[in-house]
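**Student:** For reference, the structure I am asking about is given below.
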Amino acid sequence: MKAECYLQNLLQKIVEEKKWAWPEKVSIEPPNDKQYGDLAVNLAMLLTKEAQMPPRQIAEGLAQAIHAQDKGYIEKIEIAGPGFLNFTFSQNFWLSILSEVHELGKAYGSSELGKGTRVQIEYVSANPTGPLHIGHGRGAALGDSLSRILEKTGFEVECEYYINDAGRQMHILGESILYRLRQALGHKPQKPKEYYQGEYIQHIGAVVIAQYEDILDMDEAKAIEICKNIGMKSILQTIREDLQAFGVRHDIWFSEKSLVEEGKVDETFADLQKSGLAYEQDNAFWFKATQFGDDKDRVLRKSNGDTTYFASDIAYHDNKFKRGFDLVVDIWGADHHGYVPRMSAAVEALGHSGELKMLLVKLVNLIENGVQISMSTRAGKFETLKDVLDEVGSDAARFIFLSRKSDSNLDFDLNLVKQKSMDNPVYYVQYAHARICSMLRKAEAEGHAPANISHNLCDLDTPDDRELLLLLDQFPNTVESAARNLSPHMVSYYLQTLASSLHKYYTNNHVLSADPQRCRARLFLLKCVAEVLASGLSLLGVNAPESM
RNA sequence: GGGUCAGUAGCUCAGUUGGAUAGAGCAUCGGCCUUCUAAGCCGACGGUCGAGGGUUCGAAUCCUUCCUGACCCGCCA
């Protein structure tokens, strides 16, 4: 990152001197295995479009010009094929990265990318009709990790859980509880058309009867209402506990019901109608979604007078933007993707300046003994998040969830995740951290202190040293990319690369038996690596153990 | 029929938004523990980036047409 910036600035100056237009992109390549510690600059566009001279001549001219401007950071410039210049940076330059890591400590990798931008992330938001399952876990891990990454890059982040406590699903929940309750008391009630079948429904029934002995003598509607409220409260409590066990944070729990009761939905209706974006037809109230690129107009209030889910969702998003967020991130299950165009249309129609981004999380295929386990909340058949966490632990689950792009399918193989082996990338990364800690402990016991930045670190000059230094330099860049693309998996991949380099380093270089000066320098380097590993893991919400 | 996303090594997937000879992990095969944690390291094997066409100095990446898969297309939530 530092190296890229440095080169970019140098090049820009030279291009200006030569009176060329700065090309849209000059790409600066990280080194490959063979050219450890080098950086390549690709000048093809510049060569072909701007300067009408043979590529080789241009490259030579540039190399000289860069050399003249350099402050001693660049050791060597090579012309490597048409349009490519390879730069080798000097030892001093690489060491300056270490001082940065050391000085900034935990703050290394932070940036001001999102300074002054307020972001809201809404995630999980599962209907309080049953316990969280493994699919919710993926959304939870994503949202939480994203909030950490965005905070690291300077955004002001607020996390929210939207409680769908006003809709038909809640009514069904009430009915289900009452139905089970009657059954348990020996009645033979009529089966509701749809009902939740999980065991937890019976447990809730027991709670209801303990509080309301006379529940069965009550008016049906009233009884359902009571069941519904107790059920919701109880399930919501379970959800909170599960999320807490998973280390996931929500700042605000926002109730759909409160939105309806405060008349916000009607307000939004009025606003839309005023701007001519909604109309009455066939006794229903419609939103002109087609005007914003959706396939068809969408109903907001049905002819029977009920409002749709979409209606309260518009009001909700209206409310979000009125709270002043510059960016609103919604994390949804991928089965809602058909819903994206109309929601975008609605937000556009509301005319707020903020931006809405929707992340879709695809299903998680839970696999046990090579067989896929199917899930369904209605039928009460699922692997709950809690069960999975109890089996594999929070760290392993999180790492797996975050190891893929959110919109790709994910196989969650229980047997594999449970394994504490090299098949499991979590342990690979954690092990790297633990190894360093262990070494530092041993070093201290034997009287080797790590160097600090004022010491001579020139011994860090082997390819292995350079490889680690370069990776440390790439950390801030990685975090920024992850923030820009809302993609925590980039951090996960980075950590695996860094861990891999560390393990290689560990095997090839016996640190404690090196000569004292080199030993101290290396201990210092490894301390910095451990710091970055821990820092990266914390962005994923995964622990960095000091021993394993 | 329309829409969204995907198709990269035997399997699971990356690929920093158009750059050098396309990368990891797993699986398979072969090496490395009397020294800091072998939960590790090294090597080998493995590719028509779904197919065709186009855009340009240059394409896994952008455009287009097909093929295949997942999901969506209600006055449900």
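The values are calculated or read from the model by the stated rules, or taken from the named source; none is laboratory data. These figures come from a predicted structure and were not determined experimentally. Every residue, glycine among them, receives a Cβ derived from its backbone with ideal geometry; neighbour counts consider all protein chains shown. Remember, those area values only see protein heavy atoms, side chains included, never the ligands or the DNA or RNA. Shrake-Rupley method; radii C 1.70, N 1.55, O 1.52, S 1.80 Å.
**Student:** Tell me, yes or no, whether region A:484-498 has at least one residue that is without any contact (Cβ under 8 Å) to a residue 60 or more places away in the chain and among the small types (Gly, Ala, Ser).
**Tutor:** no
**Student:** Determine if region A:187-197 includes at least one residue that is within 25 Å of A:Trp253 (Cα to Cα) and in contact (Cβ under 8 Å) with a residue 40 or more places away in the chain.
**Tutor:** Scanning region A:187-197, I find at least one residue that is within 25 Å of A:Trp253 (Cα to Cα) and in contact (Cβ under 8 Å) with a residue 40 or more places away in the chain, so the answer is yes.
**Student:** Sticking with this structure for a sec: Keeping to region A:340-359, report how many residues are open to solvent by 30 Å² or more (accessible area, probe 1.4 Å), in a helix (DSSP H, G or I), within 15 Å of RNA strand B (Cβ to nearest atom) and not charged (D, E, K, R).
**Tutor:** 3
**Student:** Of the conditions (1) open to solvent by 60 Å² or more (accessible area, probe 1.4 Å); (2) under 21 Å from A:Ser99 (Cα atoms); (3) hydroxyl-bearing (Ser, Thr, Tyr), A:Thr462 fails just one. Which one is it?
**Tutor:** With (1) open to solvent by 60 Å² or more (accessible area, probe 1.4 Å); (2) under 21 Å from A:Ser99 (Cα atoms); (3) hydroxyl-bearing (Ser, Thr, Tyr) applied to A:Thr462, the lone miss is (1).
**Student:** Follow-up question, since we're still on this one. Does A:Asp219 meet the test of being open to solvent by less than 50 Å² (accessible area, probe 1.4 Å) and modelled with pLDDT under 95?
**Tutor:** Taking the combined requirement at face value, the residue does not satisfy it.
**Student:** Let me ask something additional. Can you tell me which residue within region A:153-190, out of those that are touching a Pro at 6+ places or on another chain (Cβ under 8 Å) and not aliphatic (A, V, I, L, M), is nearest to A:Phe310 (Cα to Cα)?
**Tutor:** Applying the filter and picking the extreme gives A:Asn164.
**Student:** Let me ask something else about it. Which numbered condition trips up A:Gly333, out of (1) open to solvent by less than 10 Å² (accessible area, probe 1.4 Å); (2) near RNA strand B (Cβ under 10 Å from one of its atoms); (3) in contact (Cβ under 8 Å) with a residue 40 or more places away in the chain?
**Tutor:** Unmet condition: (1).
**Student:** Another question, if that's okay. Pairs only if they're at least six apart or on different chains, beta carbon under 8 angstrom, first in region A:415-436 and under 17 Å from A:Leu495 (Cα atoms) and at pLDDT 80 or above, second open to solvent by 40 Å² or more (accessible area, probe 1.4 Å) and more than 9 Å from RNA strand B (Cβ to nearest atom); list them, first residue then second.
**Tutor:** As it stands, the answer is A:Gln430/A:Asn543; A:Ile436/A:Lys527, since those pairs meet every condition given.
**Student:** Restricting to region A:232-266, count the residues that are of a type outside the set (Asp, Glu), in contact (Cβ under 8 Å) with a residue 60 or more places away in the chain and part of a helix (DSSP H, G or I).
**Tutor:** The number of residues fulfilling the criteria is 10.
**Student:** All but one of (1) assigned to a strand (DSSP E or B); (2) open to solvent by 20 Å² or more (accessible area, probe 1.4 Å); (3) away from RNA strand B (no atom under 14 Å from the Cβ) hold for A:Asn319, so report the exception by its number.
**Tutor:** (1)
**Student:** With the requirement that a residue be in a strand (DSSP E or B), open to solvent by 10 Å² or more (accessible area, probe 1.4 Å) and within 8 Å of RNA strand B (Cβ to nearest atom), what does region A:404-445 give you?
**Tutor:** A:Asp411
**Student:** On to the next question. Taking region A:150-203, which residues are under 30 Å from A:Gly114 (Cβ atoms), open to solvent by 10 Å² or more (accessible area, probe 1.4 Å) and more than 14 Å from RNA strand B (Cβ to nearest atom)?
**Tutor:** Matches in region A:150-203: A:Glu151, A:Lys152, A:Gly154, A:Phe155, A:Glu156, A:Val157, A:Glu158.
**Student:** Counting only residues that are of a type in the set (A, V, I, L, M, F, W, C), more than 7 Å from RNA strand B (Cβ to nearest atom) and open to solvent by less than 40 Å² (accessible area, probe 1.4 Å), how many does region A:276-300 have?
**Tutor:** The qualifying residues number 6.
**Student:** Now a separate question. Listed residues A:Ser125, A:Ser99, A:Ser147; which is in contact with a Phe, Trp or Tyr (Cβ under 9 Å, 6 or more places away or on another chain), part of a helix (DSSP H, G or I) and either surrounded by fewer than 23 Cβ atoms within 10 Å (Cβ to Cβ) or modelled with pLDDT of 90 or more (or both)?
**Tutor:** A:Ser147
**Student:** Let me ask you something else. Of everything in region A:496-522, what is small (Gly, Ala, Ser) and open to solvent by less than 80 Å² (accessible area, probe 1.4 Å)? Give them in sequence order.
**Tutor:** A:Ala499, A:Ser500, A:Ser501, A:Ala514, A:Ala521
**Student:** Against the definition (touching a Pro at 6+ places or on another chain (Cβ under 8 Å), open to solvent by less than 30 Å² (accessible area, probe 1.4 Å) and in a helix (DSSP H, G or I)), how does A:Ala483 come out, yes or no?
**Tutor:** no
**Student:** Go through region A:73-96 residue by residue and tally those that are within 15 Å of RNA strand B (Cβ to nearest atom), open to solvent by 30 Å² or more (accessible area, probe 1.4 Å) and part of a loop (DSSP other than H, G, I, E, B).
**Tutor:** 3
**Student:** Can you report the number of residues in region A:488-517 which are over 30 Å from A:Leu150 (Cα atoms), β-branched (Val, Ile, Thr) and assigned to a helix (DSSP H, G or I)?
**Tutor:** 1
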